[in-house]
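Here's the structure we're looking at; comments come further down.
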Amino acid sequence: MILELSKTMLGKLTFKKAFGIDTLRVQDAMWLLEMGDSTFEVKVAGATVGIRQGRFGVTTQEKMAISAFRYSDQRDPRGIGEITTLDISMDVEMSLTEDLVRRCSEISVANDLVDRFSEQAFGALRRFIDGYRDIQYLVSRGSSDWRDNRGLLIARMTRNEFRTYLFYVLDIGDHQFVGVFSEGRMFGGSRFDAEIVMRRQEVLERGTPLERVWVWQHGSTSTRRTVGVR
């Protein structure tokens, strides 16, 4: 039997955003737990995107995707457990080549096809988080926790954060593709910079301007923080 691959095929693509491999921060766990089993729908560019709490690492292929983040002696699928994810799902259409179908068991082999949908998923997630933040504010303002600066307001997510520990599952035709994007954060530095050393000492002597202290403490959208605004 020859499979016709030239025509467009319909499928279901689910981006599975993980917040860690071995651990989950309390802040992330709290709002994922609040979602429960509900599925939320977000409209983006005329398409409906579903957002819900999910799991990854259920199948052997998914465990193999997770194993890329482990040391070589910890990659046995039998020792890899499931991780909690935020699932962003959408209907897609694409064409598969014969070579791609033959290699469907390979991890991340469909990255080039899937990547063009990641911006749509990111946009849907940003809208979802903005709505969630607004509800948190409306419900929590005026409470004792809020007044005492203990109200948790989840942070907006940057594109780089979204693509860190970003797995996907693509079900199309009779085939399933599993992959991962993880760009993460990369830090660089030089061994010695005389100007920085000199300026650092100057700052220590005169102090840091209050307005910049405020920016560093409260201006970063990637830092989860408590907010005490009424």
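Just so you know, all these numbers are worked out from the coordinates, no wet-lab data involved. Note that the structure is predicted; figures quoted are calculated from it, not measured. Cβ atoms come from the backbone with ideal geometry, glycine included; neighbour counts cover every protein chain shown.
Once you have a ≥ b ≥ c as the square roots of the Cα gyration tensor eigenvalues for the range 32-107, tell me rounded if a/c is under 1.5, and otherwise prolate or oblate according to whether a/b is larger than b/c. Spell out each step's value before the answer.
Numbers: a/c = 3.36, a/b = 1.22, b/c = 2.75.
Oblate, because a/c is 1.5 or more while a/b does not exceed b/c.
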Report the extension gain between ASP99 and ASP171 in nm, rounded to one decimal, defined as 0.36 nm multiplied by the number of residues separating them, less their alpha carbon distance.
-> 24.2 nm
Regarding the range 12-164, what are the three Cα extents along the principal axes, ordered largest first, in Å?
-> 59, 43, 26
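Rank-order 159-165, 93-99 by packing density, defined as the average count of other C-beta atoms within 10 Å over each peptide's residues, highest first. All intermediate terms of the calculation are to be shown ahead of the outcome.
Numbers: 159-165: 17.4, 93-99: 13.1.
Per-residue mean Cβ counts within 10 Å order the peptides as 159-165, 93-99.
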